[in-house]
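First up is the structure itself, then whatever we jot down about it.
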Number of protein chains: 2
Amino acid sequence: MEPTPEQPAAAAAPGEAPVSKKGAKKAEAKAKKEALKAQRAAELAAQAAAVTLEDDPAKDSYGDRKDTTSAFSPDAQAVEIRELDDSHIGKTVVVRAWLQNSRVQSAKMGFVELRKGGNWNIQGVVMASDNAPVVSRRMVKWITSINPESYIAVEATVKQPLEPVKSCRVSGLELHITKCYVLAPAPAMLGMTMGVASQPIVNFSDEKAPADDAEAAPKTETTVPAASMLTHLDNIAMHKRAPVQQAIADIRIEVKRFFRSYLEARRFKEFEPPCLIGAASEGGGNVFRLAYFGEEAFLAQSPQFYKQFEIAGGRERVFSISPVFRAENSNTPRHMTEFTGLDLEMEIKESYTEVLTTLEGVLLSIFRGLQERCAEEIETVRSVYHSEPLLLPEPGKEVRLTFAEAQKLLREEGPAEFANVRDDEDMSTPQEKALGEVVRTKYKTDFYVIDKFPETARPFYAKIDDSGATVGDGVKVTNAFDFFIRGQEVLSGGQRINDPAELEERIRAKGISPDSAGIKEYVTTFRQVGVPPHGGGGIGLDRVVAWFLALPSVHLAACYPRTPKRLMP
Amino acid sequence: MEPTPEQPAAAAAPGEAPVSKKGAKKAEAKAKKEALKAQRAAELAAQAAAVTLEDDPAKDSYGDRKDTTSAFSPDAQAVEIRELDDSHIGKTVVVRAWLQNSRVQSAKMGFVELRKGGNWNIQGVVMASDNAPVVSRRMVKWITSINPESYIAVEATVKQPLEPVKSCRVSGLELHITKCYVLAPAPAMLGMTMGVASQPIVNFSDEKAPADDAEAAPKTETTVPAASMLTHLDNIAMHKRAPVQQAIADIRIEVKRFFRSYLEARRFKEFEPPCLIGAASEGGGNVFRLAYFGEEAFLAQSPQFYKQFEIAGGRERVFSISPVFRAENSNTPRHMTEFTGLDLEMEIKESYTEVLTTLEGVLLSIFRGLQERCAEEIETVRSVYHSEPLLLPEPGKEVRLTFAEAQKLLREEGPAEFANVRDDEDMSTPQEKALGEVVRTKYKTDFYVIDKFPETARPFYAKIDDSGATVGDGVKVTNAFDFFIRGQEVLSGGQRINDPAELEERIRAKGISPDSAGIKEYVTTFRQVGVPPHGGGGIGLDRVVAWFLALPSVHLAACYPRTPKRLMP
């Protein structure tokens, strides 16, 4: 993209097809508008071409460049858009950013919008002038012809605009450009424009539907069509550049940070559980298997056993942030084959409620922390995916129900279809959702704990309540619980059995052989040494982010969502 | 382990076999000593048995208990050993800890050593007395018979010992025990005692040698035999409980913390690269493959492509802490099949040296930080695995050599065997080691950078130096570097190609098809959008920990080392 007269005008038509029959008319109108725009651009190009490049007194001030060493004035200060404030007014700065779009005002004047760091943007003005530094008409033409999403570097004087630039976050300043170089050009035709990338995703299916996005397109008045998750993943860079995804990624970071800092302040120590394991120890159904030097290896479904080995190994309190894997062929917005687990395990001194209280503290610190520190990011997400703020309980008024209490509530105050739910059978996803609404109405909170699950609904390592309490047809209850937000489970935890004989008994009761691979080594560890009473829990990071923001799919919360049909990019 | 007269004395003989013919005599002497000890214990037991349990006025103050609710005095304060200080003198406390060992002084008096949190230990005294609270002789007997490594809870009065207890970290205090309950008993016979677990590991082979550890046992004067890594892994809880492993694990945590905090302070943003990927994009040789819903998936060998996708996706600077996998059948102390990568990638403004300087800053902040903040842990490790402190350059005197300079140095000042090393061929591990010694002698540092690697020694995405500089037989040099400590590589990094045409050319030059799976999608991303100039690097967490401490094997630095023959636990 050398500055020659042949340079075509920026392709104004985005790369996506119109989305529905209704949309066809709009697309037609749009095409007409674009044709006019192209014509105008051609006229301007012709004007600019009247002078040959060699005659251009500004010819060194623009163009393609890979190396910007000594391209800028020595006194120009390199700044990021987010750093710009009134102290920069009148100063010469160098800004590197994406050119989001441009507009030709006249042969002498154009505007560009520069973006960097999620949703930091600012208006740039380029105006032909014979004063030094000279800005030529050709330069104006060239700059306003740069393909959107190209990465550029400009030298500019910071000025106050006549009135605030409403379309830009840095609305009180603008950049009067005197030099402009394209460091990395985008193609004329983007696979997905920023406009499309910033629309809500309309289809999360793993498979390309015959009509793809057309059918599912939302019936809004917007002229920008929306795309499917597949299109977004096929254009991963544009997907990620959209401010909504940048905000989600920033919130994801904060969740991890709140998790870590809450626990580190309470003397929890981090460790890394392995991904490769020697046995499908937590149920063989949904486990990935791989050839391993003549043997078989498995991918960890959770760090459960390893957290417990840490406790057996003398750690009082541990946490881990690690990938976990489920070979589940579920093509839903709730499922992924790889996700990130936030896990902890701790010694119990007197009661397993110490664990429950710690986990409640962790999650509340995450949610309250996000609401306080990420208000702006949450707003950005909500502007695309609308949601109600997460209702949290007042301090000291946390809602903890036993499983039996929760089922009773559902029977008595939930929809009629759940009038007969049992206290000794696990909840279904629709039940959980319905309960979420009942709890919200009754207790004014979207966050609550369900404790004392029946043993039928928990794995073998869950500690049974010593009191001997039962529910339903004499099913014992466990010291195990789930945490919910908006009726969706985000955490599972409880006390673990630390006595090897008791453990073996429960393993047999669940119909598992204590001699099976992985299980045997697990129980052996408890026999080899004394292991203190302990408990813990696991949080799905992707789910916490997705359900906190009420996103339509957990795939939006992941950095690179993995589904049965999708491993790229 | 109810407090009955039948309770046998603690098995004083550790579970391991004597280690060599020389050791046999020692073992014999030891056995005799133990027989005497057992005899003495039996006598004491007989004395204690003279009173039946029901007569024991202290009978509620000791025994096995799972539930300690209301077991202790309401005014007794629960404390951790590490928290104990002079302010506790005279107070009644409850301490939960591992019983490390015990000693019978007389029928009326015994000593126990309690341990918690790595190497925090304190002496406990139990003395029969008729004063309230009553401590009976039987109670003394019972407590001193508890199997080592059982997890216990004691109620005790904190007192100052007559003289400091040299064997304990909390030497200025002792616990006068009035209640003692075993919460989780260890077996009489441990698979590996704490004494053995605290010896240097003598054999890191994946395979059990016929004579196992016997041959390799170090010829020291110690009476405690050492064990192999296999024995350690078979006794994972004891392996981890050893103070040396606790210290290594704590140092590992700090490395991650320094890495993260240095980068977060410089606006790097964390993300999680996927483990499951759709193509063996970085060379198919050492990649794990798995069946994936009728297709094939691979385990990531590095987060390289994904870090670059983040930059393409609008992030200025990113880092990740993630597992990476190598299907390399190497049975050496340097190799693992799964390890933790500390990776970063950043936009380059003017020069790739920005990346180099950042990475240098990261590593120096880690090493200086460890030396400052982990002096105690380092000392603990050194008491088992001796090493010289890592020599670091003075600020401003960092050593950066070009690859050609390094080879010249090796030719001229290294061992004779390396007198003909070439400037256009990659270094071997012995060459690297030898260079480490030359650099240490010449520059007084164990930490240095080798820059400008020849392109023959780097992957296709390494940016070739624009100056056109060559080495050897006209081989071009790259803007890529490795970092070393003690002659061992801990970091690899450099500038990446961000121009898609240049990238494709290099892919072809390396004999790879630009249309091959993974590569095609990678290059496509660069074609889809403008990607700023960028570079980064990757640090092997396990190696940084191992080489910083000069450990004999990287396996010691891992939480759960994965080798071709070992996936358990």
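No value in this document is a laboratory result; all are computed from the given coordinates. Here the structure is a predicted model, which means the values were calculated and not measured. Positions of Cβ are generated from backbone atoms using ideal geometry, with glycine treated the same way; all protein chains shown enter the neighbour counts.
Numerical summary
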{"item": "Value of relative contact order over chain A, rounded to a whole percent, pairs C-alpha under 8 Å and six or more apart", "result": "12"}
{"item": "Shielding by partners - mean other protein chain Cβ count within 10 Å, residues of A:553-564", "result": "3"}
{"item": "Sorted by Cβ neighbour density within 10 Å, fewest at the top, the residues B:Phe258, B:Phe548", "result": "B:Phe258, B:Phe548"}
{"item": "Rh by Kirkwood over Cα pairs, then Stokes-Einstein D for chain A at 1.002 mPa s and 20 °C, µm²/s", "result": "78"}
{"item": "Inter-site label distance for A:Arg334 and A:Ala517 at 7 Å from Cα along Cβ, in nm", "result": "3.1"}
{"item": "Cα gyration tensor, the stretch A:516-569 - rounded (a/c under 1.5), prolate or oblate", "result": "oblate"}
{"item": "Residue pairs, from the table A:Lys256/A:Lys565; A:Lys307/A:Lys463; A:Lys452/B:Lys116, whose Cα atoms sit over 19 Å apart", "result": "A:Lys256/A:Lys565; A:Lys452/B:Lys116"}
{"item": "Sequence-separation-based contact order of the stretch A:62-170, relative, with Cα cut under 8 Å and 6+ spacing, percent", "result": "31"}
{"item": "Estimated FRET transfer efficiency (A:Ile89, A:Asp55; beta-carbon r; R0 41 Å; 0.05)", "result": "0.75"}
{"item": "Inter-chain shielding of A:143-151 (mean C-beta neighbours from other protein chains, 10 Å cut-off)", "result": "2"}
{"item": "Between helix A:353-373 and chain A: long-axis angle, C-alpha atoms, 0 to 90°, nearest 10", "result": "10"}
{"item": "Residue order, fewest to most beta carbons within 10 Å, for A:Leu190, A:Leu173", "result": "A:Leu173, A:Leu190"}
{"item": "Per-residue HN-Hα couplings for the stretch B:498-503 [Karplus 6.51, -1.76, 1.60; θ = phi - 60°; Hz; x = Gly/Pro]", "result": "10, 9, x, 5, 4, 4"}
{"item": "Phi-based couplings in Hz for the stretch A:543-556 (Karplus 6.51, -1.76, 1.60; Gly and Pro marked x)", "result": "5, 4, 5, 5, 6, 4, 8, 6, 6, x, 8, 5, 4, 6"}
{"item": "Shielding score for B:294-307, defined as the mean number of other chain Cβ atoms within 10 Å", "result": "2"}
{"item": "Ascending list, in nanometres, of distances separating the A:Asn329 label from those of the other copies (7 Å, Cα toward Cβ)", "result": "3.2"}
{"item": "Cut-off under 5 Å, modelled amide H: who pairs with B:Leu567 long-range", "result": "none"}
{"item": "Distance in nm between pseudo-label sites at A:Arg169 and B:Glu505 (7 Å out along the Cβ direction from Cα)", "result": "3.7"}
{"item": "Taking the stretch B:314-365 and dividing mean pair separation by its residue count, relative contact order in percent (alpha carbons under 8 Å, at least six apart)", "result": "36"}
{"item": "Cβ crowding within 10 Å averaged over residues, with B:231-237, A:138-144 ranked highest first", "result": "A:138-144, B:231-237"}
{"item": "Sequence-distant residues sharing a close amide H with A:Val490 (under 5 Å, placed H)", "result": "A:Phe483, A:Phe484, A:Ile485"}
{"item": "Rounded to whole Hz, the Karplus (6.51, -1.76, 1.60) HN-Hα couplings of the stretch B:121-130, x for glycine and proline", "result": "9, 8, 8, x, 10, 10, 10, 5, 7, 8"}
{"item": "A:Glu388 paired with B:Gln105, simple spin-label distance in nm, labels 7 Å along Cα-to-beta-carbon", "result": "6.8"}
